[in-house]
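K.L.:
A single structure is presented below for examination.
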Amino acid sequence: MILSGAIVVVVALAVIPPTLRAQGDTTAAAVEQAEFSGAVPESPAFTFLGVSPARIERPGAARDFALALLNGVDAAGRAQQGFALEVSPWYLVPGYAIGLDAYQRSWFKYMVANAQHSLGTARAAGDSGSTDLATGLRLTLLDRGDPMRSRAFTKALGDTVLRACAPETPGVAVEPACVGKVAAAQFTAWTAGHWNARRLSFAVATGLRFVGSATGNSRYRGIRFWLAGANPIGRSGQAVAQVAYTQQPAEGGDSRFSRVSYGVRILAGSPSFNVFAELLGDSRFATSDGTNDKSGSWAGGIEARVGRNLWISTGLGSQFSTLRVPDRVIVIANVRWGIASAARLRSLRPGAF
């Protein structure tokens, strides 16, 4: 029996992510999308803690979420270190569902469907007996580069998969491998053509320190906000802006402070070539010791893909000199060129804002 187009789209959605991961991000389009995503952390709680958990619980129902939370506390009611949890909040509401039509028509349901809540604990710096806890929320407010919001894309995807993967024998199920292959090709082609789409994301994280890991003895550890937006410039350019705010209370020997980091990037590119320029700024104020300060940096450069998983790049500026060290460095016409297995723009984002 041939599946309907709507069902095929749902099947394709389940198969696309692992298929794309298997292929690897080899295009500059994927790189730029990853750079924008990195401007607002996927898991703000873990960024707040400064950790990258090796194992993250991802419950898909309210009961599983409650059981996961219990793993964060031991039998004596003390906070466990190294606990990490990430969930889409709407999964926890019994009977609440967001279908494809609602995802495409309702901005609110689209935002809810893409919301990510993260929760984690880690050993407190300088105090192995205490535990830091952080909770965070990430919201995608707008993403014109999301193919599943495009009715034209989802219709074409369903039609293409049906044509390519419909079984010849009635009653035989559609092969998931065929669906995955066709869907991944459609997905990759669409996203490559919309790499510089308009986007807007927001995240917030806050935390506590449990002194002696006792949940009844806590101290506030501040709050952080991230906001990033991107806008296309023609078909091959993009402007990206971001601002991040940190409010840090006095802790140990460190004074309290507030900090605003901001930046703007202009770039132009194709799947194999990028030119970029970036201005960054940082302002630290409201400190308890009165040592307010400001700083700024800039960077510019070019990079090109010269082979599969092989990029060559060069640039200049105060920020460019601190980027990830390339695999090799060569000198051509007195200009230093870095050779690496991945696009150098990947290393601009961490710590840049």
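We did not get these values from a lab; they are worked out from the coordinates using the rules stated. Since we're looking at a predicted model, the values are computed, not measured. Neighbour counts run over all protein chains shown; Cβ positions are idealised from the backbone, glycine included.
K.L.:
Once you have the Cα-Cα distance between R144 and R163, take 0.36 nm times their residue separation minus that, and quote the gain in nm to one decimal.
P.N.:
Working: separation 19, 0.36 × 19 = 6.84 nm, distance 2.72 nm.
Result for the pair: 4.1 nm of gain on full extension.
K.L.:
Moving on to the next point. First measure r as the distance between the Cβ atoms of Y220 and L70, then evaluate 1/(1 + (r/R0)^6) with R0 = 22 Å and state the FRET efficiency to the nearest 0.05. Display every interim value, and only then the final one.
P.N.:
On the way: r = 24 Å, r/R0 = 1.11.
Computed FRET efficiency for Y220 and L70: 0.35.
K.L.:
Ok, one more. May I ask you to give the average projected area over all directions of the convex hull of the Cα atoms of the stretch 124-268, in nm² rounded to one decimal? Show your work: numbers first, answer last.
P.N.:
Working: hull surface 57.6 nm².
Mean shadow area of the hull around the Cα atoms is 14.4 nm².
K.L.:
At S255 and R78, where each label point lies 7 Å from the Cα along Cα→Cβ, what is the point-to-point distance in nanometres?
P.N.:
Taking the simple label geometry, S255 and R78 are separated by 3.6 nm.
K.L.:
Take the stretch 193-258, drop everything but the C-alpha atoms, weight them equally and run the Debye formula without solvent; then report log10 I(q)/I(0) at 0.12, 0.16, 0.19, 0.21 Å⁻¹ to two decimals.
P.N.:
Each listed q maps to, in turn, -0.51, -0.67, -0.79, -0.87.
K.L.:
Can I get the semi-axes of the stretch 31-144's equivalent ellipsoid? Compute them from the C-alpha gyration tensor as square roots of 5 times the eigenvalues, in angstrom, largest first.
P.N.:
29, 19, 9
K.L.:
Ranked by Cβ crowding within 10 angstrom, fewest neighbours first, how are L139, L162 ordered? Provide the component values of the computation, followed by the final result.
P.N.:
Working: L139 15, L162 18.
Exposure proxy ranking, most exposed first: L139, L162.
K.L.:
Given a Förster radius of 22 Å and the C-beta distance between E42 and F108 as r, what FRET efficiency does 1/(1 + (r/R0)^6) yield to the nearest 0.05? Kindly include the intermediate steps, with their values, before the conclusion.
P.N.:
Details: r = 21 Å, r/R0 = 0.97.
It comes to 0.55.
K.L.:
Give me a comma-separated list of calculated 3J(HN,Hα) values for the stretch 127-138, in order, Karplus coefficients 6.51, -1.76, 1.60 applied at θ = phi - 60°, integers in Hz, x for any Gly or Pro.
P.N.:
8, 5, x, 9, 10, 9, 10, 9, 10, x, 9, 10
K.L.:
I'd like to compare 41-52, 87-98: which one has the highest average count of other Cβ atoms within 10 Å, and what's the full order after that? Working shown, then result.
P.N.:
Values: 41-52: 20.7, 87-98: 13.2.
Descending packing order for the listed peptides: 41-52, 87-98.
K.L.:
Can you list residues from other chains, or at least 5 along the same chain, whose modelled amide H is less than 5 Å from the amide H of G82?
P.N.:
It is T121, A122, R123, by chain and number.
K.L.:
Tell me the volume per residue, in Å³, of the convex hull enclosing the alpha carbons of the stretch 200-322.
P.N.:
On the way: hull volume 19.7 nm³, N = 123.
Per residue, the Cα convex hull of the stretch 200-322 comes to 160 Å³.
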